[in-house]
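Here is the structure we will look at, set down as structure tokens.
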Amino acid sequence: MAVKRALVSVFDKTGLVPFVKRLAAVGYEIVSSGGTSRILSEAGVKVLTVEALTGSAELLGGRVKTLHPRIHAGILARGDLDAAELSEFGIDRFDLVVCNLYPFRETVADPTATELEIIERIDIGGPAMVRAAAKNHRNVGVVVSPEQYDEVAKAIEGGGVDDRLRRRLAAEAFFHTASYDAAIVRWFGDDEVITLRRVGELRYGENPHQSATVYREPGAPAWWAEATQHQGKDMSFNNYADTESAWRLAADLGEGAVVVVKHTNAAGAARGDSVFEAFERAWDGDPMAAFGGVIAINGEFDEGVAGALADRFVEVVVAGSVSEAALQLMAAKKNVRVLTAPPPTTDDLDYRRIHGGFLAQERDHVELDGWETASEREPTSTELDSLRFAWVVAAHTKSNAIVIATGEQVLGVGAGDQSRVGAAQRAVVKAGNRARGAVAASDAFFPFRDGLDALADAGVTAIVEPGGSLNDQEVIDAANERDLALILTHRRHFRH
């Protein structure tokens, strides 16, 4: 397609001037409006303004400028089929539309934005032009992102935008307006519309016979999409799932925490005087389960940790930063994926796929206040610190979950058990003799005293749990009988 005439109207001016200059250099006529035309003119680009083209001034403070027959007929014209009618009315065709929309999502995210300011960011003319150009993609190319500028400019410089590229640009344009409209619907609050973009194929799913893909919600923060992968094989379905779990837990445990995750549950977690000490303590939580796991470091992945991994098998290491010395050491383990990433946010929705739909919920938040001592014995300050640490880990562990810890180190985790006493027994087995003098956290209440007794028999001295069982008094009496400190949080943290 020989490109001759472009309509340019963008809010995001990133890379615009160099792109349009490349168009002008191959004989493009540039038609533009408002602030876009002013910026291009100041940059030395010859521009025909929309007002000069339509013979109509901007109306309503600029809200009406491109909604005009001379604009939309020029976009929607079907080559020779409409040539006679265009000639009758003196209208010229557009071959390219370059348009991106008002920043609605960004305005909604601004806590200082008023309702009136948000409404003014609902673009009308922009989506109309984009959709018109995308509909007429057999005759018109449509560009909605600065990321497309170089590809389109190269195509034009090489002779024109071909059918295949125009069709791909049109699909991107319709997705652009669809996700934009979905954001508006979400803001109104009448419905929760989800738009997802496929951003990559994975080698396979949880098992080799399953195909898999990774999707992203447009405009939403995504630590994994913003991460830098420094080395290693491509991330797999299981890698993404485990790293998400590990990175969220490390973030909640705070600066300096190191987490070892296997099958989305913590095999170990710790904090220490250094990242290296925290790593060693986290690994020692369950060295057998740590084999082939994911390491998350809320801090810098340094040379000490990299050296410790020399003879240990892990799939992924994710951290806030990584030293050059650590990367040099890890280069010998070329299959290990090393990522640095921003921390995950907690203000998004948590989705779960079900047949024909989704379940959606507010993401769980861990609170460390509002706790009540239910037993006769108060926890010591040392026990209380350990209980807080264990409670955060329990909230990130599959239910039924019991976490045994001492200081800021996990010693044993019972995860995903069908019964609470079963989870307690598994945590005790993992902790072994280290359970003596340790504390424990339960993600939900004890329905009977048997779970507490299993922990007390192993030497646990303090327990934190939500409470709320019909048998709470039985459990409290058992704690008093065993001289345990029992804390009730009045908040459950099921994770299925």
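Which value, in debye to the nearest 20, describes the size of the charge dipole of segment 310-405 about its Cα centre when Lys and Arg Cβ atoms bear +1, Asp and Glu Cβ atoms bear -1, and nothing else is charged? Spell out each step's value before the answer.
Numbers: 10 positive and 15 negative charges, 163 e Å.
In total the dipole reaches around 780 debye.
Which aspartates and glutamates have a Cα less than 14 Å from the Cα of Lys65, not counting those fewer than 8 places away in the same chain?
Qualifying aspartates and glutamates at Cα under 14 Å: Glu51, Asp123.
Straight-line reach from Lys13: which lysines fall under 16 Å, measuring Cα to Cα and dropping same-chain residues less than 8 apart?
Straight-line reach from Lys13, under 16 Å: Lys21.
Nearest 10 degrees, 0 to 90: what angle lies between the long axis of helix 237-253 and the longest principal axis of the chain (Cα atoms)?
With rounding to tens, the tilt is 70 degrees.
Can you give me the % of accessible surface on segment 55-202 that is carbon or sulfur? Probe 1.4 Å, all protein chains present, nothing else counted.
Working: 4160 of 8140 Å².
Reported share for carbon and sulfur atoms: 51 percent.
To the nearest 10 degrees, how steeply does helix 163-188 sit against the main Cα axis of the chain, on a 0 to 90 scale?
The helix 163-188 is inclined about 60 degrees to the chain.
Could you let me know the centre-to-centre spacing of segment 342-417 and segment 419-480, using Cα atoms, in angstrom?
Using only Cα atoms to place each centre, the spacing works out to 15 Å.
In nm, to one decimal, how far is the Arg167 label point from the Glu206 one, both placed 7 Å along Cα→Cβ?
With each label placed 7 Å out from Cα toward Cβ, I get 3.7 nm.
Find, to one decimal place in angstroms, the Kirkwood hydrodynamic radius of segment 311-456, where the mean of 1/r is taken over every pair of different Cα atoms and then inverted. Kindly include the intermediate steps, with their values, before the conclusion.
Values: mean 1/r = 0.0554 Å⁻¹.
In segment 311-456 this quantity evaluates to 18.0 Å.
For Ser274 and Gln328, FRET efficiency with R0 = 22 Å and r from the beta-carbon atoms, rounded to 0.05?
That pair, Gln328 with Ser274, gives E of 0.65.
Compute the separation of the alpha-carbon centres of segment 6-77 and segment 125-154 and state it in Å as a whole number.
Comparing the Cα centres of segment 6-77 and segment 125-154, I get a distance of 14 Å.
Which of the residue pairs Lys154/Lys233; Lys233/Lys430; Lys4/Lys46; Lys233/Lys398 have a Cα-Cα distance greater than 20 Å in the structure shown?
On the way: Lys154/Lys233 32 Å; Lys233/Lys430 31 Å; Lys4/Lys46 14 Å; Lys233/Lys398 28 Å.
From the list (Lys154/Lys233; Lys233/Lys430; Lys4/Lys46; Lys233/Lys398), the Cα-Cα distance tops 20 Å for Lys154/Lys233; Lys233/Lys430; Lys233/Lys398.
Stokes-Einstein diffusion coefficient for segment 163-222 at 37 °C in a medium of 0.692 mPa s, Rh from the Kirkwood formula over Cα pairs: what value in µm²/s?
Details: Rh = 13.6 Å.
Calculated translational D: 241 µm²/s.
If the cut-off is 20 Å between C-alpha atoms, which aspartates and glutamates fall inside it for Lys333, apart from same-chain ones fewer than 8 positions away?
Output for Lys333: Asp234, Asp242, Glu280, Glu300, Asp302, Glu303, Asp311, Glu315, Glu324.
To the nearest 20 debye, what is the magnitude of the charge dipole of the chain about its Cα centre, counting +1 on the Cβ of each Lys and Arg and -1 on the Cβ of each Asp and Glu? List each step's numbers first, then the result.
Values: 52 positive and 72 negative charges, 443 e Å.
Here the size comes out at about 2120 debye.
Could you work out the mean projected area of the convex hull around the alpha carbons of segment 30-107, in square nanometres to one decimal? If you can, show how the numbers build up before the last one.
On the way: hull surface 25.8 nm².
Hull-based average projected area comes out at 6.5 nm².
Order Phe448, Phe279, most accessible first, counting only protein heavy atoms with a 1.4 angstrom probe.
On the way: Phe448 110, Phe279 0 Å².
So, going from the largest accessible area down, we get Phe448, Phe279.
Based on a Kirkwood Rh over C-alpha pairs, give the Stokes-Einstein translational diffusion coefficient of the chain at 4 °C and viscosity 1.567 mPa s in µm²/s. If you can, show how the numbers build up before the last one.
On the way: Rh = 26.4 Å.
Stokes-Einstein gives a translational diffusion coefficient of 49 µm²/s.
From largest accessible area down, sort Lys46, Lys21; use a 1.4 Å probe on the protein chains.
Values: Lys46 180, Lys21 100 Å².
Accessible-area ranking of Lys46, Lys21, largest first: Lys46, Lys21.
Computed over the Cα atoms of segment 394-496, what is the ratio Rg over Rh, Rh following Kirkwood? Walk me through the intermediate numbers first.
On the way: Rg = 11.8 Å, Rh = 12.8 Å.
Rounded to two decimals, Rg over Rh is 0.92.
If you stretched the chain out fully between Ala225 and Asp12, how much longer would it get, using 0.36 nm times the residue separation minus the C-alpha to C-alpha distance?
Numbers: separation 213, 0.36 × 213 = 76.68 nm, distance 2.14 nm.
Contour length minus Cα-Cα distance gives 74.5 nm.
How far apart, in nm, are the 7 Å Cα→Cβ label points at Phe175 and Asn433?
Spacing of the two 7 Å Cα→Cβ label points: 5.9 nm.
At Ser56 and His365, where each label point lies 7 Å from the Cα along Cα→Cβ, what is the point-to-point distance in nanometres?
For Ser56 paired with His365, the spin-label model returns 4.8 nm.
Once the Cα atoms of helix 125-135 and of the chain are each reduced to a long axis, what angle between those two axes, in degrees from 0 to 90 to the nearest 10, is obtained?
That works out to roughly 80 degrees.
With only Lys, Arg, Asp and Glu charged, each at its Cβ (+1 for the first two, -1 for the last two), find how big the charge dipole of segment 1-149 is about the Cα centre; round to the nearest 20 debye. Spell out each step's value before the answer.
Working: 17 positive and 18 negative charges, 84 e Å.
My answer is approximately 400 debye.
What percent do you get for the relative contact order of segment 346-391 when only Cα pairs under 8 Å and 6+ apart count?
Working: 25 pairs, mean separation 11.9, N = 46.
Once normalised by length, the contact order is 26 percent.
The values are calculated or read from the model by the stated rules, or taken from the named source; none is laboratory data. This structure is a prediction, so every number in the text was calculated from the model and none was measured. A quick note on method: Cβ atoms are made from the backbone with ideal geometry, for glycine too, and the neighbour counts reach across all protein chains shown. The area values use the complete protein model at the heavy-atom level, side chains included, leaving out ligands, DNA and RNA. Shrake-Rupley method; radii C 1.70, N 1.55, O 1.52, S 1.80 Å.
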